[in-house]
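The values are calculated or read from the model by the stated rules, or taken from the named source; none is laboratory data. Please read these numbers as outputs of a predicted model, since none were measured by experiment. Here the Cβ is made from the backbone with ideal geometry for all residues, glycine too, and neighbour counts use every protein chain on show.
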Amino acid sequence: MPLQKSPDTLPGDFPALRQMSAVFGQDSLHIQGAGGNVSVKDGDIMWIKASGTMLADAMTSDVFVPVDLPQMKAAITAQMPTADTPSSFVIPGASELRPSIETSVHSVFSHRIVLHTHCIHTLAHAIRKNAVKLLTQKLTAFDWAYVPYTKPGANLARSILEVLKPTTNVVVLGNHGLIVAAESVEAIRDLQNQVHAALAVKPDIKDGFDQEPLAAICDGSNYALPDDPFVHQLALTPARVKQVTAGSLYPDHVIFCGIAITTLPPNETPAEVEARALGLGRPPPVCLLVPGHGMILRKDVSQGARVMIHCLADVMTRVPETAELTYLSEAQNFELLDWDAEKYRQALNAK
């Protein structure tokens, strides 16, 4: 069936949508790097952020792609394999970019505008074993739902459909982030900020970063002191070290940093840790915690990894050291690492 709308005609509030996208995209408490996405429905076309692009660039770059909304929704309902390949639904000739890997998630909302973020305050709740209890206490003013962790894509879209009511406009994704939905740019901006404020947690910042021994450890190695001193927070107490080395807590960390975080064992050098990883057929750790002192980073670490390490520090300084956390399973970690859609996003980010 031919489309009723043309991708040559943009929604009237598209400039306002781009401006809002850039504002949230430049705020690391809402969105980190190329994470997060926004969509707007205009009849049978849905405009959505392209994979690997950054919402922070929405005012200066072409970051939106038009997709065939009825076909996308039909593929999800019929459980067609194409529902997990959003590029199948790009309006022919409209763009060479790929739609977000979460296009299917946006399509199941009846609301006109959908915003998905990796809100730090949301993550600080969504990674905890008692997440639903905590969220129930703090989101009483909202029509919200919770979805346990599911790999992003069509399966997540179907999981959301199972809990979505016509009035539900806030969805918390376990070990993943936040979705808000509304009919206007102003309404969705306000809703995002209101949920963010309702879940706000003050960071618990520790003293103790020790530069001298870290610099000595890095000497002659492929590791160096980070430019971002905040990431040392992950290493300064035994409890935090235990929390971040026990496993992975959300998808983007796995994609850009690998599984969990690695400590530098006593009496070992970074070169020895690196050699052991390579001997096992694994890439060297992007960073190493030196418990009680701080963190060191590989000199060739990507900008995406740097952003996600800072994100982890942002989250963990807002989580009690006694909190019981929910980690991604081994299978969930490896399905992310072996995912073509994410390999594409990584490749764009590397550029």
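The set of residues in segment 114-126 being hydrophobic (A, V, I, L, M, F, W, C) and farther than 22 Å from Glu162 by Cβ consists of Cys119, Ile120, Leu123, Ala124.
Number of residues in segment 240-279 that are closer than 19 Å to Glu335 by Cα and among the aliphatic types (A, V, I, L, M): the value is 7. Could you go through segment 77-96 and let me know if any residue there is under 20 Å from Arg18 (Cα atoms), surrounded by fewer than 20 Cβ atoms within 10 Å (Cβ to Cβ), within 20 Å of the chain's Cα centre (by Cα) and among the acidic types (Asp, Glu). The answer is no, given that none of the residues of segment 77-96 is under 20 Å from Arg18 (Cα atoms), surrounded by fewer than 20 Cβ atoms within 10 Å (Cβ to Cβ), within 20 Å of the chain's Cα centre (by Cα) and among the acidic types (Asp, Glu).
If the condition is being touching a residue at least 24 places away in the same chain (Cβ under 8 Å), of a type in the set (A, V, I, L, M) and under 20 Å from Val195 (Cβ atoms), then segment 149-172 contributes Leu156, Ile160, Leu164, Val170, Val171, Val172. Evaluate the following for Asp207: is it touching a residue at least 40 places away in the same chain (Cβ under 8 Å) and acidic (Asp, Glu)? So Asp207 fails the test.
Scanning segment 219-246 for residues that are in contact with a Phe, Trp or Tyr (Cβ under 9 Å, 6 or more places away or on another chain), part of a helix (DSSP H, G or I) and surrounded by fewer than 19 Cβ atoms within 10 Å (Cβ to Cβ) gives a single hit, Pro229.
Within segment 285-310, the set of residues being over 17 Å from Leu225 (Cβ atoms) and buried (at least 18 other Cβ atoms within 10 Å of the Cβ) comprises Gly304, Val307, Met308. Here Gly258 passes the criteria (1) closer than 29 Å to Val147 by Cβ; (2) at pLDDT 95 or above; (3) not hydrophobic (A, V, I, L, M, F, W, C) except the one numbered (2). When residues in segment 206-218 are screened for being surrounded by 16 or more Cβ atoms within 10 Å (Cβ to Cβ) and part of a loop (DSSP other than H, G, I, E, B), 1 of them pass. Tell me, please, whether a residue that is over 20 Å from the mean Cα position of the chain (by Cα), crowded, with 24+ Cβ neighbours inside 10 Å and under 18 Å from Ser100 (Cα atoms) can be found in segment 63-73. Yes, segment 63-73 contains at least one residue that is over 20 Å from the mean Cα position of the chain (by Cα), crowded, with 24+ Cβ neighbours inside 10 Å and under 18 Å from Ser100 (Cα atoms). Here Asp68 passes the criteria (1) modelled with pLDDT under 95; (2) of a type in the set (Asp, Glu); (3) in contact with a strand residue (DSSP E or B) (Cβ under 9 Å, 6 or more places away or on another chain) except the one numbered (1). Checked against (1) over 22 Å from Gly174 (Cα atoms); (2) buried (at least 19 other Cβ atoms within 10 Å of the Cβ); (3) touching a Lys or Arg at 6+ places or on another chain (Cβ under 9 Å); (4) not hydroxyl-bearing (Ser, Thr, Tyr), Gly258 passes all but condition (1). From the list Thr167, Thr150, the lone residue that is of a type in the set (S, T, N, Q) and either within 18 Å of Pro320 (Cα to Cα) or in contact with a helix residue (DSSP H, G or I) (Cβ under 8 Å, 6 or more places away or on another chain) (or both) is Thr150. Given the criterion without any contact (Cβ under 8 Å) to a residue 60 or more places away in the chain and either within 17 Å of Val147 (Cα to Cα) or in contact with a Leu (Cβ under 8 Å, 6 or more places away or on another chain) (or both), identify the matching residue among Leu134, Leu97. The match here is Leu134. Under 17 Å from the mean Cα position of the chain (by Cα), over 23 Å from Val108 (Cβ atoms) and at pLDDT 95 or above, is that true of Leu156? Judged against the criteria, Leu156 is not a match. Any residue that is within 27 Å of the chain's Cα centre (by Cα) and among the acidic types (Asp, Glu) - is there at least one of those in segment 254-269? Scanning segment 254-269, I find no residue that is within 27 Å of the chain's Cα centre (by Cα) and among the acidic types (Asp, Glu), so the answer is no.
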